Amino acid sequence: MADIVVVEKDMAYNRRDLIAGLHRAFGDVVEPDGQSFKIPVGSGALSVELGVEAVRRIALIEVVHMPVTLTFTGLNETQRAETLKRFDRAFQRGGG
């Protein structure tokens, strides 16, 4: 039986860029409301909830960041790993 698995991330993106990344990774994203998205994955789903955008200041540098919660439902370990890899690749910067 597939469990519910929650992954929390603090991502250095603003809301607009996060939504664009979701579209890059998954194409047509279902948007049930302004802060969360449900993405069908096989017989399960990935829910992505965006937190409140904030600015982190380090000396004179300002970095926008936002907490993001990924909830995997109805996926086995392999499906979760593949979906998380797809998500992470969509948000890579600098060729890393």
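The values are calculated or read from the model by the stated rules, or taken from the named source; none is laboratory data. Here the structure is a predicted model, which is why all the values come from computation and not from measurement. Ideal geometry is used to build each Cβ from the backbone, glycine not excepted, and the neighbour counts take in all protein chains shown. We work out accessible area using only protein heavy atoms, side chains counted, and drop any ligands, DNA or RNA first. Shrake-Rupley method; radii C 1.70, N 1.55, O 1.52, S 1.80 Å.
Points to keep in mind about this one:
Residues checked against (1) more than 13 Å from the chain's Cα centre (by Cα); (2) under 23 Å from ILE4 (Cα atoms):
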position: ASP17; (1), (2): no, no
position: GLY34; (1), (2): yes, yes
position: ILE58; (1), (2): yes, no
position: VAL64; (1), (2): yes, no
position: PRO67; (1), (2): no, yes
position: LEU75; (1), (2): yes, yes
position: GLU82; (1), (2): yes, yes
position: ALA90; (1), (2): no, yes
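- Pairs are defined by a Cβ separation below 9 Å, a sequence spacing of at least 6 or placement on different chains, a first member in segment 6-23 that is on the phi < 0 side of the Ramachandran plot and without any contact (Cβ under 8 Å) to a residue 12 or more places away in the chain, and a second member that is among the β-branched types (Val, Ile, Thr) and not in a loop (DSSP other than H, G, I, E, B); the pairs so defined are ASP17/VAL64.
- ARG93 being in a loop (DSSP other than H, G, I, E, B), of a type in the set (D, E, K, R) and loosely packed, with under 15 Cβ neighbours inside 10 Å: yes
- If you go through segment 65-83 and keep only what is open to solvent by 50 Å² or more (accessible area, probe 1.4 Å) and aliphatic (A, V, I, L, M), you end up with just ALA81.
- Which numbered condition ARG86 misses (of (1) touching a residue at least 24 places away in the same chain (Cβ under 8 Å); (2) under 11 Å from the mean Cα position of the chain (by Cα); (3) open to solvent by less than 60 Å² (accessible area, probe 1.4 Å)): (3)
- Candidate set: segment 2-39, residues that are assigned to a strand (DSSP E or B), open to solvent by 30 Å² or more (accessible area, probe 1.4 Å) and among the β-branched types (Val, Ile, Thr); chosen: the one nearest to PHE91 (Cα to Cα): VAL7
- Hits in segment 40-52 - residues which are in contact with a Leu (Cβ under 9 Å, 6 or more places away or on another chain) and exposed (fewer than 15 other Cβ atoms within 10 Å of the Cβ): PRO40, GLY42, SER43
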